[in-house]
Each structure stands twice: as structure tokens, then as C-alpha cells.
Amino acid sequence: MDELERILLTLGYYSDDEQKKIIIDSYIEEADAFMRASGVPSALLNSPSAKGVRTIWAEARDAGIDIDLNGRHKILLSIIEQLRSDYHL
């Protein structure tokens, strides 16, 4: 099962819903772009922590919730900071 299918199932969707696949995939791309812009090396974008960021991001966006990095989604910053520091070890 690829990551897109895993996130779809986590959010309660069937993996054969092509429209939802396109939407969720765009959220995954947003999360990846945010992580890269935040200094996460491409080599770490396949790590379990990065997958967690993508899942949290997609779940919030799918629910129509804006990503609030100073409030409810502050955990994303913590995970991204950990990914950046892991690369420099």
C-alpha cells in the first residue's frame, strides 16, 4: 500500500475514489513543499516522521481546517525541527 492509499484509508476514504485521490495528493504535495521550504532535506522526506507530517497536514486540510502552526498544529514545527536536526547528526 502506498502512502496516498494509506492516508486515504486513515481519513476514511476508499482508494478507488479518483477525485479524492487527486485532492489528498495535492495536500501531500503541499506538506512536502512546506517541509522542503522549512529546510528538511529531500533525503528525509520518506522518513516515518515526514509521513506523519503529511498525514496530519492532509487530515487538517481535508477537514477544511487552516494549518495553524502557532496553535493546534504546532506539533508540525516540532517534527520538522527534529527532521532538520536528524540530518545534521
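Just so it is clear, none of the values below were taken in a lab; they were calculated from the coordinates. Computed from a prediction, not measured in an experiment: that's the story for all the values here. All Cβ positions, glycine included, derive from the backbone under ideal geometry; neighbour counts span all protein chains shown.
I need to check one value: relative contact order of the stretch 13-68, counting alpha carbon pairs closer than 8 Å and at least 6 residues apart, in percent.
After rounding, I find 36 percent.
For Rg and Dmax of the Cα atoms in Å, the choices are (1) 13.3, 50; (2) 16.5, 64; (3) 13.0, 41; which was calculated from the structure?
(3)
Taking R0 as 35 Å, what's the FRET efficiency between Glu3 and Asp68 from their Cβ-Cβ distance, rounded to 0.05?
0.90
Sequence gap at least 6, Cα distance under 8 Å: using those rules, report the relative contact order of the stretch 38-89 to the nearest whole percent.
On the way: 29 pairs, mean separation 24.5, N = 52.
Reported as a whole number, the value is 47 percent.
Per residue of the stretch 10-26, in order, report the coupling 6.51 cos²θ - 1.76 cosθ + 1.60 (Karplus, θ = phi - 60°) as ³J(HN,Hα) in whole Hz, putting x for Gly and Pro.
Calculated HN-Hα couplings, in order: 4, 7, x, 10, 7, 6, 9, 7, 4, 5, 5, 4, 5, 5, 5, 4, 5 Hz.
Note the angle between two axes, namely the Cα long axis of helix 48-62 and the longest principal axis of the Cα atoms of the chain, as a number of degrees from 0 to 90, rounded to the nearest 10.
Helix 48-62 and the main axis of the chain meet at about 50 degrees.
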